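A short write-up of the structure that comes next.
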Amino acid sequence: MLRLFALSAVLSLSLSMKVVAGSEIFIYESGSDVAVSGEGTVDLSGLSLGPGPIELTVNGLDASGDKSPAVTVGSPGGDVLFYCAPAGPASFGSGSTATTSVGSGDQWGLYGIAGTMCLLLPDGYTSGAFLSGTATYENTDLTALGLTKGEYVYTWGSDKLTLIVGARPGPVAPVPTLPFYALLALTGLLGLFGLRKLKK
């Protein structure tokens with residue numbers, strides 16, 4: 001019976017995780033550094049193919065400069081394409097361009113080109129594929145980078161990218177599907193079964 005309660009607890013925990021549709025990028029202070037973490041999927045429908053492929057040798061942040069709004073993550077040095085043009089805030093602070101070569105994972109993000117807002121994605125990206133990357137700006141903070149805390153949403157077609165400044169990412173669960181709801185029902189049944197066992 002203890003196994004049933006353990007399984008029920010595990011399933012409940014998985015169901016309580018944050019559900020993310022689309023993609024998210026978080027910018028937050030971590031010790032003496034500023035960390036950037038992004039993950040999710042991108043539906044290319046509603047976006048127009050822009051320049052590229054080009055090699056991006058660094059990651060960048062630009063809250064209000066000539067590349068604003070810009071925030072990228074991932075391991076520098078890969079070839080990327082630009083997909084334009086999502087709609088959303090033109091800035092997320094007062095800072096100008098900052099760059100870093102410290103990053104890991106898929107290289108992607110948000111980038112402004114000549115006043116046009118674009119998503120930056122790996123060359124060969126397949127619509128709906130999962131992306132995950134990080135970047136680190138060492139020995140600085142949000143204030144020094146001129147970033148304003150808040151949530152900034154960029155939309156196109158039926159998809160979106162949410163940029164969160166000043167908050168850390170939480171655990172992420174997949175977007176709910178039919179198996180998800182079946183799992184939810186199973187959790188409830190296991191809980192009822194455990195209660196009936198206790199009463200006997």
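Just so it is clear, none of the values below were taken in a lab; they were calculated from the coordinates. Just so we're clear, the structure is a prediction, and the values are computed from it rather than from any experiment.
From the square roots a ≥ b ≥ c of the eigenvalues of the alpha-carbon gyration tensor of the range 21-170, which class results: rounded (a/c under 1.5), prolate (a/b over b/c), or oblate? Don't skip to the end; give the middle numbers.
Details: a/c = 1.45, a/b = 1.35, b/c = 1.07.
Rounded, because the longest to shortest axis ratio a/c is under 1.5.
Extension gain, THR41 to ALA167, is 43.3 nm, computed as 0.36 nm per intervening residue step minus the present C-alpha separation.
Subtract the Cα-Cα distance of THR155 and SER32 from 0.36 nm times their separation in residues, and report this length gain in nm to one decimal.
On the way: separation 123, 0.36 × 123 = 44.28 nm, distance 3.24 nm.
Gain on extension, THR155 to SER32, equals 41.0 nm.
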